[in-house]
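Accompanying notes for the structure given below.
The values are calculated or read from the model by the stated rules, or taken from the named source; none is laboratory data. If you're wondering where the values come from, they're calculated on a predicted model, not measured in any experiment. Note: ideal-geometry Cβ built from the backbone for every residue, glycine included; neighbour counts use all protein chains shown.
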Amino acid sequence: MASPITSMKGMIHRSWNMVRGCTPISPGCDQCYARAQHKAMYSEREHYLIPFSEVTFMPSNISIGHNYIISVNGISDTLHPDITDQQVQFMIDAISKKHGIFVVCTKRPFRASMFDWPPNVWLGTSIEDKNYLYRIDELLKANSKIKFVSFEPMLGPMGEVDLTGIDWVCMGIERGPQARPYRIQWLRQVRDHCIYQGVPLFYRGAHYTRNLRPSDLLDGKIWHQYPCGLEAKDEKYDGKVNRRKSSIQD
């Protein structure tokens, strides 16, 4: 399960991948960018010779600054069943000895409550539509200081979402040439839930501006809010949006 967190421009400083490879668990995995990247890189580096479906534990070290935000295993799933409890604990112990913030996003939060997460971990789960909202309940059983939900790739409406106990919400749509369509109402609904329930929102944009680069606009506003009192940005936008390159459906 490739984490959408790794692509948050201006937020993630580095990635720390101690697990490589993954297997599908739900429709959000169908267009996995990490699987596509692995296929493209096949034969170029030794670790890409291992099939992506073979989940491999590859412990490593990382040197970071005190204020860095690190994406952990963004090209896999830290809590994949092929990763043993001992291997997960090894990663947790390594993180606990580091400065900085470590972002762990999983589609398998039912394992999260088995571990004691250090205070410098932001632990989250990824949800693509309302059929997987139960992952929030599993996430809430964990003892992590910061818990977040990533509604990405958003493949359907979420309906009513109780964000009690959630410290942060990220959302975005599927990208790439095979991206499945979405409706702007799905994004607005999650945004409104965040506003009414007082949860910071980070929206990774869907529209394209005139220079054909993705824009983080939602109804003319940029939503780059973070937990823990980190700087939040709610900039206005006075330009025009070109939607030719997006799969939006009003």
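A few points about this structure:
- Residue satisfying all of: in the range 102-121; closer than 17 Å to I146 by Cβ and in contact (Cβ under 8 Å) with a residue 60 or more places away in the chain; surrounded by the fewest Cβ atoms within 10 Å (Cβ to Cβ) among these: F102
- Criterion applied to E138, E152, E128 was being under 18 Å from C194 (Cα atoms), at pLDDT 95 or above and of a type in the set (D, E), and the one residue passing it is E128.
- Filtered by the rule that a residue be β-branched (V, I, T), within 12 Å of the chain's Cα centre (by Cα) and over 13 Å from T125 (Cα atoms), the range 140-183 gives a lone residue, I173.
- Every residue from the range 67-101 that is modelled with pLDDT of 95 or more, more than 29 Å from Q31 (Cβ to Cβ) and charged (D, E, K, R): D85, D93
- So E174, is it in contact (Cβ under 8 Å) with a residue 24 or more places away in the chain, among the acidic types (D, E) and within 14 Å of T106 (Cα to Cα): no
- Residue, modelled with the highest pLDDT, within the range 165-188, restricted to residues that are surrounded by fewer than 21 Cβ atoms within 10 Å (Cβ to Cβ) and among the small types (G, A, S): G165
- When L201 is tested against the conditions (1) within 20 Å of K130 (Cα to Cα); (2) surrounded by fewer than 19 Cβ atoms within 10 Å (Cβ to Cβ); (3) of a type outside the set (V, I, T); (4) at pLDDT 60 or above, the lone failure is (2).
- Within the range 29-66, the set of residues being at pLDDT 80 or above and either at positive phi or in contact with a helix residue (DSSP H, G or I) (Cβ under 6 Å, 6 or more places away or on another chain) (or both) comprises F57 only.
Residues checked against (1) in a loop (DSSP other than H, G, I, E, B); (2) aliphatic (A, V, I, L, M); (3) free of Cβ contacts under 8 Å to residues at least 60 places away in the same chain:
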site	(1), (2), (3)
L123	no, yes, yes
D137	no, no, yes
K141	yes, no, yes
V149	no, yes, yes
L155	yes, yes, no
E160	yes, no, yes
C170	no, no, no
W186	no, no, yes
V190	no, yes, yes
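- Among (1) modelled with pLDDT of 95 or more; (2) over 16 Å from I127 (Cα atoms); (3) assigned to a strand (DSSP E or B); (4) not polar (S, T, N, Q) - the single one Y208 does not satisfy: (1)
- Any hit, the range 121-142, residues being more than 24 Å from S15 (Cα to Cα), of a type outside the set (G, A, S) and touching a Leu at 6+ places or on another chain (Cβ under 6 Å): yes
- Verdict on G220 being farther than 23 Å from R108 by Cβ, surrounded by 20 or more Cβ atoms within 10 Å (Cβ to Cβ) and modelled with pLDDT of 65 or more: no
- Any hit, the range 103-113, residues being over 14 Å from the mean Cα position of the chain (by Cα), of a type outside the set (K, R) and farther than 21 Å from S71 by Cβ: yes
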